[in-house]
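*Asks:* Sending over a structure as structure tokens; questions will come in a sec.
The values are calculated or read from the model by the stated rules, or taken from the named source; none is laboratory data. On a predicted model such as this, the values are computed, not experimentally measured, just so you know. Methodologically, a virtual Cβ is constructed for each residue, glycine included, from the backbone with ideal geometry; neighbour enumeration extends over all protein chains shown.
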Amino acid sequence: MKIPDIRRLSIKYWLLMVLLLGGLVWLLLPRSKPAETVSVELGKITQTIVATGRVATPARVEVGAQVTGTVATLLVRESELVKRGQLLLTLQDDETLANLNQAKATVTEAKARINQLKLVSAPLSQQNVKQAEANLKLAEAEWQRTQTLVKQGFFSQARLDEAQRSLDNARAALANARTQATANAPEGAELALAQARLAQAEAALKAAQARADLMRISAPFDALVLSRNAEPGSIAQPGRVLLTLAQTGETRLYVNVDEKNLRYLQPGFQAFAVADAYPNQRMAAEVYFVSPAIDPQRGTVEVRLRVAEPPRFLKPDMTVSVEMVVGQKEQALRLPSDAIRAIDSDQPYVLALRDGQAQRVNVTVGLRGIGVVELVNGLQAGEAVITTALPVNAGDKVQAQARAVKEKGFEPLTGRVR
């Protein structure tokens, strides 16, 4: 009767030992961790840079007066389009107008003096020379006749002296007539002096006209009137802004891009933009300038874009969002960005799911879309990669749950990032 009891105890003992050993083994064996995985897919990827900025005009000017005066007329209002050379406003200054009229009268007088010299004085001087030459001949003949008669005793010496005086006067008159004729000739001093006076008068007229022109302010180019800061009767002074104009023509967008994206930017890149006020209206644009300088305060670089066909609603200084396409491939190996670890380091890597275990694989990344990244090498299409959604380390046994790859991007109509 005792032997069976001993056997029963031995069997129970061994069963207990087996259970303990099995439990110990189960505790010591590595457990599988839950993990989210995605598959490497072959598809299209587009790398873009999104930035915000404002609508800019080719030029903006603040129109003011260079002289002090009263605003007489103001011919434009805000939001009005003006053409180059169009009169914008006029000033009233009686002194300037009087000086201009005086300068005009002086020019007229100087021109009349030249005409007088050419048409009257010069011909008259020539006639005077001829008359003086004739008088001299008569005086010489009279002197010869008187001298002969004095020798013959018919006239006294006093009569000869009188004839001599007449001859001297005739000679002096001829010399004076010739001098006057020379002065009035086309190359003479009188005409040169008159022409100099005309030049002075014309210079004074130009100065007066220039000052008078300052009383009429015209548009320097085709422009949009942004603001009107004066009314008729206002006092205009140098330095006071009367109108603000924005030049029309090429529409530009100025945006600030994070400097980390500088290596991707270059002129010629295509882009599109939307105004915050009109999120459903998309417009095409093109990069034409990348600033060579970095803003040290904000860590950004200025990028300028042209809008070839700007919509009518676009206004200066509007806020816009811009997406610039800096790279695109139709067929590329791609993964969600949260599946790549240390993506901004010198050696990014992934945890690939191989034989139920997380294995570290170094990769090289290429284009970066919104939420998706191109793999240049390291993996092949169809391989499963563990995301960072749950904590998993290299070498861990994992229990995977697949997730689909979906590239994010701009919605084609609204321009909003999705």
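*Asks:* Can you confirm whether Ser321 is small (Gly, Ala, Ser), more than 13 Å from Gln47 (Cβ to Cβ) and buried (at least 18 other Cβ atoms within 10 Å of the Cβ)? Before you say what the answer is, go through the steps one by one.
*Replies:* Working: small (Gly, Ala, Ser): yes; more than 13 Å from Gln47 (Cβ to Cβ): yes; buried (at least 18 other Cβ atoms within 10 Å of the Cβ): yes.
Here the answer is yes, as Ser321 does meet what is asked.
*Asks:* Please work out if Arg298 is without any contact (Cβ under 8 Å) to a residue 24 or more places away in the chain and not in a strand (DSSP E or B). Step through it out loud before you land on a result.
*Replies:* Details: without any contact (Cβ under 8 Å) to a residue 24 or more places away in the chain: no; not in a strand (DSSP E or B): yes.
For Arg298, the condition - without any contact (Cβ under 8 Å) to a residue 24 or more places away in the chain and not in a strand (DSSP E or B) - is not met.
*Asks:* Do we have Leu87 as in contact (Cβ under 8 Å) with a residue 40 or more places away in the chain and either at negative phi or not aliphatic (A, V, I, L, M) (or both) here?
*Replies:* Details: in contact (Cβ under 8 Å) with a residue 40 or more places away in the chain: yes; either at negative phi or not aliphatic (A, V, I, L, M) (or both): yes.
Spelling it out, Leu87 is indeed in contact (Cβ under 8 Å) with a residue 40 or more places away in the chain and either at negative phi or not aliphatic (A, V, I, L, M) (or both).
*Asks:* Considering only residues of the range 101-159 that are among the basic types (Lys, Arg) and within 23 Å of Glu190 (Cβ to Cβ), which is modelled with the lowest pLDDT? Break it down stepwise before answering.
*Replies:* First, the residues of the range 101-159 that are among the basic types (Lys, Arg): 104, 111, 113, 118, 130, 137, 145, 151, 159.
Filter once more, so that each one left must be within 23 Å of Glu190 (Cβ to Cβ): 111, 113, 118, 130.
Details: Lys111: 84, Arg113: 75, Lys118: 70, Lys130: 79.
That would be Lys118.
*Asks:* Separate question: Between residues in the range 332-356 that are assigned to a strand (DSSP E or B) and residues that are of a type in the set (Phe, Trp, Tyr), which pairs lie under 9 Å by C-beta distance while being six or more apart or on different chains?
*Replies:* Arg341/Tyr349
*Asks:* Another question about this same structure. Of everything in the range 60-99, what is in contact with a Pro (Cβ under 8 Å, 6 or more places away or on another chain), assigned to a loop (DSSP other than H, G, I, E, B), farther than 12 Å from Leu242 by Cα and not hydrophobic (A, V, I, L, M, F, W, C)? Give them in sequence order.
*Replies:* Thr68, Arg84
*Asks:* Another question, then. I'm checking my understanding of the structure. Among residues of the range 366-378 that are surrounded by fewer than 18 Cβ atoms within 10 Å (Cβ to Cβ) and assigned to a strand (DSSP E or B), which one is modelled with the lowest pLDDT?
*Replies:* Within the range 366-378, the match that is modelled with the lowest pLDDT is Ile370.
*Asks:* Could you run through the range 341-352 and say how many residues are surrounded by 14 or more Cβ atoms within 10 Å (Cβ to Cβ) and either modelled with pLDDT of 90 or more or in contact with a Pro (Cβ under 6 Å, 6 or more places away or on another chain) (or both)? Before the answer, list the steps.
*Replies:* Keep residues of the range 341-352 that are surrounded by 14 or more Cβ atoms within 10 Å (Cβ to Cβ), which gives 341, 343, 348-352.
From the residues that got through so far, the ones that are either modelled with pLDDT of 90 or more or in contact with a Pro (Cβ under 6 Å, 6 or more places away or on another chain) (or both) too are 341, 348-352.
Total meeting the criteria: 6.
Per-residue answers, yes or no, for (1) at pLDDT below 90; (2) of a type in the set (D, E, K, R); (3) crowded, with 17+ Cβ neighbours inside 10 Å:
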residue	(1), (2), (3)
Leu16	yes, no, no
Leu21	yes, no, no
Arg31	yes, yes, no
Glu36	yes, yes, yes
Val40	no, no, yes
Thr52	no, no, no
Val76	no, no, yes
Lys83	no, yes, no
Leu91	yes, no, yes
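*Asks:* Among the residues of the range 253-265, is any in a strand (DSSP E or B) and farther than 16 Å from Thr48 by Cα?
*Replies:* yes
*Asks:* Within the range 351-376, how many residues are out of contact with any helix residue (DSSP H, G or I) (no Cβ under 8 Å at 6 or more places or on another chain), among the charged types (D, E, K, R) and under 28 Å from Val325 (Cα atoms)? Let's see the steps before the verdict.
*Replies:* Start the filter on the range 351-376 by keeping residues that are out of contact with any helix residue (DSSP H, G or I) (no Cβ under 8 Å at 6 or more places or on another chain), which leaves 351-367, 369-370, 374-376.
The next check asks that each one be among the charged types (D, E, K, R); those that pass are 354-355, 360, 374.
After this cut, where a residue has to be under 28 Å from Val325 (Cα atoms) as well, the list is 374.
Qualifying residue count for the region: 1.
*Asks:* Please determine, by comparing only the residues of the range 226-272 that are surrounded by 14 or more Cβ atoms within 10 Å (Cβ to Cβ) and charged (D, E, K, R), which one is nearest to Leu75 (Cα to Cα).
*Replies:* Only one residue fits best here, namely Arg228.
*Asks:* Take the residues in the range 273-298 that are hydrophobic (A, V, I, L, M, F, W, C) and surrounded by fewer than 20 Cβ atoms within 10 Å (Cβ to Cβ), then tell me which one is nearest to Arg228 (Cα to Cα).
*Replies:* Within the range 273-298, the first condition is being hydrophobic (A, V, I, L, M, F, W, C), and the residues that meet it are 273-275, 277, 283-285, 287, 289-290, 293-294.
Now drop any that are not surrounded by fewer than 20 Cβ atoms within 10 Å (Cβ to Cβ), which leaves 277, 284, 289-290, 293-294.
Numbers: Ala277: 25, Ala284: 32, Phe289: 32, Val290: 34, Ala293: 35, Ile294: 36 Å.
This residue is Ala277.
*Asks:* If you don't mind, another one. In this structure, does Gln66 turn out to be exposed (fewer than 12 other Cβ atoms within 10 Å of the Cβ) and on the phi < 0 side of the Ramachandran plot? Spell out the reasoning first.
*Replies:* On the way: exposed (fewer than 12 other Cβ atoms within 10 Å of the Cβ): no; on the phi < 0 side of the Ramachandran plot: yes.
When the stated conditions are applied, Gln66 does not pass them.
*Asks:* Separate question: Of the residues that sit in the range 379-417 and are in contact with a strand residue (DSSP E or B) (Cβ under 7 Å, 6 or more places away or on another chain) and of a type in the set (Asp, Glu), which one is modelled with the lowest pLDDT?
*Replies:* Glu407
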